[in-house]
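Since the structure comes first, as C-alpha cells, the remarks are kept for the end.
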Amino acid sequence: MYYPAYRPRRLRKNASFRRMIRETKLSVDDLVYPLFVTSGRNVKKPINSMPGNFQMSVDHLVKEVQKTKDLGIPAVLLFGIPEKKDEVGSGAFADDGIIQQATRKIKEKVSDIIVICDLCLCEYTSHGHCGTIKDNDVDNDATLEILVETALSQAKAGADMVAPSGMMDGGVGAIREALDEEGYDALPIMAYSAKYASCFYGPFREAAEGAPQFGDRKSYQMDPANSDEAIREITLDVEEGADIIMVKPALPYLDIIYRAKEEFDLPIAAYNVSGEFAMIKAAANLGWLDEEKAMMEALLSIKRSGADIIITYFARDAAKLIV
Ligand code: PBG
C-alpha cells in the first residue's frame with residue numbers, strides 16, 4: 001500500500017470519518033481521582049503548585065467524594081496528612097488515623113464509590129522516607145511489618161482497595177498474606193510496581209507534606225534509565241499477588257506502560273503525577289497551552305500506550321468533557 005494508491009488522508013477528511021476510525025477513547029470509567037485529607041474541621045487549604053487541589057478535612061472531603069461520584073468517576077485515591085509525624089509513622093496504622101477516619105466517613109456517607117487507600121509511610125514519618133531508617137537508609141524488612149499493620153487498619157476502616165506505593169521488596173506479598181490471614185481475602189491490591197525516582201513528584205510533596213528530610217528515594221524507587229528492571233519489578237508484584245499493576249509517572253514513561261501491557265495480563269494503572277499536572281496548568285496559566293486540549297491529549301496518550309486505569313488530578317475536569 002503505497003502512495004498514490006493509498007492515501008491515508010481519505011479517512012481523515014471530516015469529523016465523521018475520524019470518529020469512525022478512532023482507535024482509542026477515554027472513558028470516565030478509566031479515571032481515579034486522588035484527594036488529600038487532613039485533620040480538623042472546615043479545612044480546605046489550596047495546594048499552591050496544584051491549582052484546584054486542596055488539603056481537606058474529612059467534612060469537606062466527603063462532599064468532594066460525592067461530587068466525584070456524581071461525575072461518574074468510579075474511584076478515589078486517598079492520601080493522609082497526619083497531625084503528628086514520628087520516626088516509624090505510627091499515624092499510618094492508628095485506628096483513628098486520618099486515612100482511617102476519612103475512609104469510615106466516606107463509606108458511611110457515599111455509596112458506590114471505590115475508596116483506594118495509599119499505603120505508604122512518607123507522609124507519616126518525621127524524616128519523610130517511605131519506611132523506618134537504619135544506617136541512613138530505609139530498612140526494608142522492618143518497614144514491611146509496619147506496612148502490614150497499616151494495610152490491616154485500612155482494611156478494617158473499610159478500604160475497598162489498598163495501594164502500596166513505597167517500593168519495598170516483598171511488600172505486596174507480605175500485605176497479601178496478612179490480609180488473607182485476617183479474612184480480607186476479597187480485598188484487592190493495586191501495586192505501584194514500577195515507580196520511578198522522579199522529580200515529577202515535586203508538587204505532591206508539598207501537597208502531602210512528605211518530602212524526605214535527608215537524601216532522596218533513589219535506594220528504593222527505580223532509576224529512570226531502566227526498562228527491563230520495570231519488568232522484573234512488575235513480575236515480582238504479580239507473583240506476590242497484585243491485582244492491578246501500576247507504572248508511575250505516566251507521560252515520561254509511556255514506553256514502560258506499553259511494555260507492561262504487552263507482557264502482563266493484569267489491568268494496568270498509570271499515575272499521571274502532580275508534576276505532569278502542574279506543567280499543563282502552569283503553561284495554560286501563562287497562555288502558552290490550551291489547558292483542556294493539553295489535558296485531553298495527555299490522558300488519551302496514556303490510554304493509547306496501554307493503561308486501563310488513569311490516576312489523575314484532571315479526573316473531574318476530564319469527566320466533564322468526556323461524552
Ligand atoms: C508516596 C507517594 C508519592 C506519590 C504518590 N505516593 C510521592 C513520592 O514517592 O515521593 C506522588 C504522586 C504525585 O506526584 O502526584 N510514596
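Just one residue in the set 250, 318 is open to solvent by less than 20 Å² (accessible area, probe 1.4 Å), away from the ligand (no atom under 15 Å from the Cβ) and in contact (Cβ under 8 Å) with a residue 60 or more places away in the chain; that residue is 318. Screening residue 178 with (1) open to solvent by 20 Å² or more (accessible area, probe 1.4 Å); (2) of a type in the set (Gly, Ala, Ser); (3) over 20 Å from the mean Cα position of the chain (by Cα) gives one miss only, at (1).
Just give me the residues in the range 4-18 being small (Gly, Ala, Ser) and either open to solvent by 70 Å² or more (accessible area, probe 1.4 Å) or in contact with a Ser or Thr (Cβ under 7 Å, 6 or more places away or on another chain) (or both), in sequence order.
Within the range 4-18, 5, 16 qualify.
Taking the conditions (1) touching a Lys or Arg at 6+ places or on another chain (Cβ under 6 Å); (2) open to solvent by 30 Å² or more (accessible area, probe 1.4 Å) in turn, residue 62 satisfies each one other than (2). Pairs are defined by a Cβ separation below 6 Å, a sequence spacing of at least 6 or placement on different chains, a first member in the range 101-124 that is open to solvent by 10 Å² or more (accessible area, probe 1.4 Å) and assigned to a strand (DSSP E or B), and a second member that is away from the ligand (no atom under 16 Å from the Cβ) and modelled with pLDDT of 95 or more; the pairs so defined are 114/74; 114/160.
When residue 259 is tested against (1) part of a helix (DSSP H, G or I); (2) within 16 Å of the ligand (Cβ to nearest atom); (3) within 21 Å of residue 240 (Cβ to Cβ), only condition (2) is not met.
Residues in the range 167-216 that are over 18 Å from residue 237 (Cβ atoms), within 15 Å of the ligand (Cβ to nearest atom) and in a loop (DSSP other than H, G, I, E, B): 198, 209, 210, 211, 212, 213, 214, 215, 216.
Residue-by-condition table, conditions (1) part of a loop (DSSP other than H, G, I, E, B); (2) at pLDDT 95 or above; (3) more than 16 Å from residue 314 (Cα to Cα):
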residue	(1), (2), (3)
18	no, yes, yes
29	no, yes, no
33	no, yes, no
37	no, yes, yes
40	yes, yes, yes
45	no, yes, yes
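Among residues of the range 152-166 being within 16 Å of the chain's Cα centre (by Cα) and not in a strand (DSSP E or B), the one that is farthest from residue 115 (Cα to Cα) is 166.
For the residues 21, 73, the requirement of being open to solvent by 60 Å² or more (accessible area, probe 1.4 Å), among the hydrophobic types (A, V, I, L, M, F, W, C) and touching a Leu at 6+ places or on another chain (Cβ under 6 Å) singles out 21.
The values are calculated or read from the model by the stated rules, or taken from the named source; none is laboratory data. Because the structure is predicted, anything quoted here is derived from the model rather than measured. When we count neighbours, we look across all protein chains shown, and the Cβ atoms used for this are built from the backbone with ideal geometry, even at glycine. Accessible surface areas use protein heavy atoms only, side chains included; no ligands, DNA or RNA. Shrake-Rupley method; radii C 1.70, N 1.55, O 1.52, S 1.80 Å.
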